[in-house]
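Each remark here refers to the structure printed beneath this line.
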Amino acid sequence: QVQLVESGGGLVQAGGSLRLSCAASGSIFRIYAMGWHRQAPGRQRELVATITSIGIINYVDSVKGRFTISRDNAKNTVFLQMNSLKPEDTAVYYCDAAVQNYSSGSYSRYWGQGTQVTVSS
């Protein structure tokens, strides 16, 4: 079993910054892509950013130039640095990871429990 635990959410004024972290633990042989998604009230979950094990990165257009995704492969952790935050960034942020299980060798996708980010105007 694999667990993903997010931290770093909170309340911030527009224009401020937050840094989210997501640490994976458990029966991990290898982690391939890791990513951040968000879901605002009444809206579908959307992909924010992804990063592969070799550092290939993609962002949704609305966060380009403001958010930066990174990862520490040695610590199985992914980060999301969020700058110039806007009220429309308010959402629950979830991390996910594509993991090869150490025990079974199988590949699965795991999700964190989510962390609330609220940006006030």
TODO: Look at LYS86 and say whether it is open to solvent by 40 Å² or more (accessible area, probe 1.4 Å), farther than 19 Å from VAL5 by Cα, modelled with pLDDT of 95 or more and more than 12 Å from the chain's Cα centre (by Cα).
DONE: yes
- [ ] Could you give me the residue pairs with C-beta distances under 8 Å whose first residue belongs to segment 17-30 and is touching a residue at least 24 places away in the same chain (Cβ under 8 Å), whose second residue is of a type in the set (D, E, K, R) wherever it lies, and which are 6+ apart or on separate chains?
- [x] LEU20/GLU6; SER21/GLU6; CYS22/GLU6; ALA23/LYS75
Task: Of residues in segment 98-121 being of a type outside the set (Ser, Thr, Tyr) and in contact with a Ser or Thr (Cβ under 9 Å, 6 or more places away or on another chain), the one nearest to VAL5 (Cα to Cα) - done: GLN116
Open item on the list: Condition first: open to solvent by less than 80 Å² (accessible area, probe 1.4 Å) and under 12 Å from VAL117 (Cα atoms). Now tell me which residues in segment 7-21 satisfy that.
Closed with: SER7, GLY8, GLY9, GLY10, VAL12, ALA14, GLY16, SER17, LEU18, LEU20
Task: Among the residues listed as ASP96, ASP89, ASP72, ASP61, the single one being of a type in the set (D, E, K, R) and in contact with a Gly (Cβ under 7 Å, 6 or more places away or on another chain) - done: ASP96
- [ ] Given the conditions (1) over 15 Å from GLN3 (Cβ atoms); (2) open to solvent by less than 20 Å² (accessible area, probe 1.4 Å), report the number of the one that ARG45 does not fulfil.
- [x] (2)
Task: Selection status of ASN58, closer than 22 Å to SER106 by Cβ and modelled with pLDDT of 95 or more - done: no
Open item on the list: Looking only at segment 61-78, count every residue that is over 25 Å from PRO41 (Cβ atoms) and either open to solvent by 40 Å² or more (accessible area, probe 1.4 Å) or touching a helix residue (DSSP H, G or I) at 6+ places or on another chain (Cβ under 7 Å) (or both) and tell me the total.
Closed with: 9
TODO: Being of a type in the set (A, V, I, L, M, F, W, C) and open to solvent by less than 70 Å² (accessible area, probe 1.4 Å) narrows it down to one of ILE56, ILE51, so name that one.
DONE: ILE51
- [ ] Hey, could you check segment 95-109 for residues that are open to solvent by less than 40 Å² (accessible area, probe 1.4 Å) and not aliphatic (A, V, I, L, M) and say which is farthest from ASN76 (Cα to Cα)?
- [x] GLY105
Open item on the list: Restricting to segment 46-67, count the residues that are basic (Lys, Arg) and in contact with a Ser or Thr (Cβ under 8 Å, 6 or more places away or on another chain).
Closed with: 1
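The values are calculated or read from the model by the stated rules, or taken from the named source; none is laboratory data. Worth saying up front: this structure is predicted, and the values here are computed from it rather than measured. Cβ sites come from the backbone with ideal geometry, for glycine too, and all protein chains shown count toward neighbours. All accessible areas refer to the heavy atoms of the entire protein, side chains included, with ligands and DNA or RNA removed. Shrake-Rupley method; radii C 1.70, N 1.55, O 1.52, S 1.80 Å.
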